[in-house]
Amino acid sequence: MTDGASGGNAPERRDDALDGRKLLLGVSGGIAAYKTAALVRLFKKAGAEVQVLMTESAARFVTPLTLGALSGREVLTGVFPDGPGGSDEGESSSAWTKHISLGLWADLFVVAPATAQTLAKLSGGFCDSMLTATALSARCPLLVCPSMDRDMYAHPAVQGNLERLRGYGYTILPAAEGELASGLTGRGRLPEPEAIADRARSMVREEGGRSSSAKVGKREKVRGREGEGRKREGGKEADEPATPSPVENEPSNPPTLNPSRAQPLRGEHVLVTAGPTREPLDPVRHLTNPSTGTMGFALAEAAARRGAHVTLVAGPTALETPAAASSEGGPVERIDVNTAAEMHAAAREHAPRAGLVVMAAAVADYTPAEPPAPSKLKKGDTGDELTLRLTRTPDILAELGAAKRDGQRLVGFALETDDGPDNARRKLREKNLDWIVLNSLTEDGSSFGPGANRVTLIGASGTEEDFPTLPKRALADRLLDRVAPTAASRAETQSQHE
């Protein structure tokens, strides 16, 4: 491969994050596989080395010869060599462990398209092809790009598999919306190759991984040990090639897994509010709403699973404090409140040190103007009518938006029954939010309670994304994929303040 510091095209791509990187491209059997030819060309143009892994079904849509010619490498499909092999028959014994060597060689593994079948296999730990076996052993970040028909993509089994993969630390690039091969219109299209390449670049930047030269140097050092990394021909050690092939050499000391892959929020402080508030009338009655806190608790759990230190300010709810998926997850500090005033005080105290603030609580807009009665109000004492005088509660979201510091991300929620998008956009703008999650009760699939939900995510930059009806835990992961600060953005913000 041409060194990034030399060659006629070097100045053109010198600043490309993919220059000198080693990429695995896993192609599974969907109609969108034809797009991978353009994707390979983009990767190569950026200066990356590309090794293509295909399932047998993928070869029905695009030939291995095509992708092999574009990548400059033999396309691999099966886990095992074609014949019995073995060093006695002249075949390198490393041919049986190519999936291990590839997983150690790569800086990034991109699976595109990822069909429903492949998602299920990745989720379940199956390794019946070179693609799935390498994914199971890879130590590099994985970018999974789902592609299938609309109703397949929305099916709870598929969404559950995507949620599970996120829990493994995989990055999911959601399917795009548009016309599908079936003739239906909806979400399920493979994102365009340019979008996939851009996400790959951002992941490489965030990973801050080892440079290509450093990795080659490490392999050469390993090979320098007596008897390691050598082929045998007629009982004699053969000369090593100057640049080792990823399928011929396996380091005996594999690199450790970068914790940022599975914990992109490690070191970040996240504030989440959840649940309803209660505005007391007397010791036994209060004004409240049907919120259960499920969405906010799911967001807190997802953030902790990604390594964040989470402060969860919770209104009255029966939910247990969420825990991270593993002992390495971030802690969750829970603060229980009852009234809007108490939530206001807790949010003001903890928001200044949070890099991400997610206000998912359903806070009362009004509270009784008079203090609560010291004893239960009796019907005989109030007569046939009881008049309540209410006063506005503090606008927590507006205050946090006004005090938002550089680099801090503020996410609000909007529950609407009429003119949902317009009201949400106005709230986003007036309260200086970065994102707002619109939950419109007029839409099928939108609801209170522990079940599924359907929302629209609106960004301050003008972006809008409609999510399908999803279990709230899956939805929480999808939302964090969009709104959470990346390692790169956190580093940029920190450098601006130094």
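Would you be able to tell me the number of residues in the range 148-176 that are charged (D, E, K, R), assigned to a helix (DSSP H, G or I) and under 14 Å from Thr115 (Cα atoms)?
2
Checking the condition closer than 28 Å to Pro283 by Cβ, in the same structural domain as Thr469 (by TED's automatic domain parsing) and surrounded by 11 or more Cβ atoms within 10 Å (Cβ to Cβ), which residue from Pro394, Pro421 passes?
Criteria check complete, one pass: Pro394.
Taking the range 429-448 only, how many residues are crowded, with 19+ Cβ neighbours inside 10 Å, assigned to a loop (DSSP other than H, G, I, E, B) and modelled with pLDDT under 85?
Residues that pass the stated criteria total 1.
Taking the residues in the range 122-137 that are surrounded by 21 or more Cβ atoms within 10 Å (Cβ to Cβ) and small (Gly, Ala, Ser) as candidates, determine which candidate is farthest from the chain's Cα centre (by Cα).
Taking the candidates together, the pick is Ser129.
Which of the residues belonging to the range 411-440 are without any contact (Cβ under 8 Å) to a residue 40 or more places away in the chain and closer than 18 Å to Leu271 by Cβ?
Lys431, Asn432, Leu433, Ile436
Restricting attention to the range 466-498, which residues are modelled with pLDDT under 60 and of a type in the set (Asp, Glu)? So that I can check it myself, show each step before the final result.
Going residue by residue through the range 466-498, those that are modelled with pLDDT under 60 are 486-498.
Glu492, Glu498 - these are the residues of the range 466-498 that are modelled with pLDDT under 60 and of a type in the set (Asp, Glu).
Let me spell it out: the conditions are (1) over 28 Å from His309 (Cβ atoms); (2) buried (at least 22 other Cβ atoms within 10 Å of the Cβ); (3) among the small types (Gly, Ala, Ser), and Gly383 meets all of them except one. Which number is the exception?
Going through the list (1) over 28 Å from His309 (Cβ atoms); (2) buried (at least 22 other Cβ atoms within 10 Å of the Cβ); (3) among the small types (Gly, Ala, Ser), Gly383 breaks only (2).
How many residues does the range 271-287 hold that are in a loop (DSSP other than H, G, I, E, B) and more than 28 Å from the chain's Cα centre (by Cα)?
The total comes to 7.
Does at least one position in the range 336-356 carry a residue that is in contact with a Leu (Cβ under 7 Å, 6 or more places away or on another chain) and assigned to a loop (DSSP other than H, G, I, E, B)?
Yes, some residue in the range 336-356 is in contact with a Leu (Cβ under 7 Å, 6 or more places away or on another chain) and assigned to a loop (DSSP other than H, G, I, E, B).
Pairs under 7 Å by beta carbon, first residue without any contact (Cβ under 8 Å) to a residue 12 or more places away in the chain in the range 386-405, partner surrounded by 11 or more Cβ atoms within 10 Å (Cβ to Cβ), six or more apart or different chains?
Correct list of pairs: empty, since none qualify.
The conditions are (1) buried (at least 18 other Cβ atoms within 10 Å of the Cβ); (2) modelled with pLDDT of 95 or more, and Arg426 fails exactly one of them. Which is it?
(1)
Quick check on the range 449-465: of everything there that is modelled with pLDDT of 90 or more and in a strand (DSSP E or B), which residue is surrounded by the most Cβ atoms within 10 Å (Cβ to Cβ)?
Filtering the range 449-465 for residues that are modelled with pLDDT of 90 or more and in a strand (DSSP E or B), the one surrounded by the most Cβ atoms within 10 Å (Cβ to Cβ) comes out as Ile458.
Could you go through the range 319-330 and let me know if any residue there is surrounded by 15 or more Cβ atoms within 10 Å (Cβ to Cβ), in contact (Cβ under 8 Å) with a residue 24 or more places away in the chain, in a helix (DSSP H, G or I) and in the same structural domain as Gly401 (by TED's automatic domain parsing).
Within the range 319-330 (the criterion being surrounded by 15 or more Cβ atoms within 10 Å (Cβ to Cβ), in contact (Cβ under 8 Å) with a residue 24 or more places away in the chain, in a helix (DSSP H, G or I) and in the same structural domain as Gly401 (by TED's automatic domain parsing)), the answer is no, since none of the residues qualifies.
Quick one: would you say Pro371 is out of contact with any Cys (no Cβ under 8 Å at 6 or more places or on another chain), part of a loop (DSSP other than H, G, I, E, B) and assigned by TED's automatic domain parsing to the domain that holds Leu438?
For Pro371, the condition - out of contact with any Cys (no Cβ under 8 Å at 6 or more places or on another chain), part of a loop (DSSP other than H, G, I, E, B) and assigned by TED's automatic domain parsing to the domain that holds Leu438 - is not met.
The values are calculated or read from the model by the stated rules, or taken from the named source; none is laboratory data. Predicted, not measured: the structure shown is a model, and the values here were computed from it. As a convention, Cβ positions derive from the backbone with ideal geometry for all residues, glycine included, and neighbour counts pool all protein chains shown.
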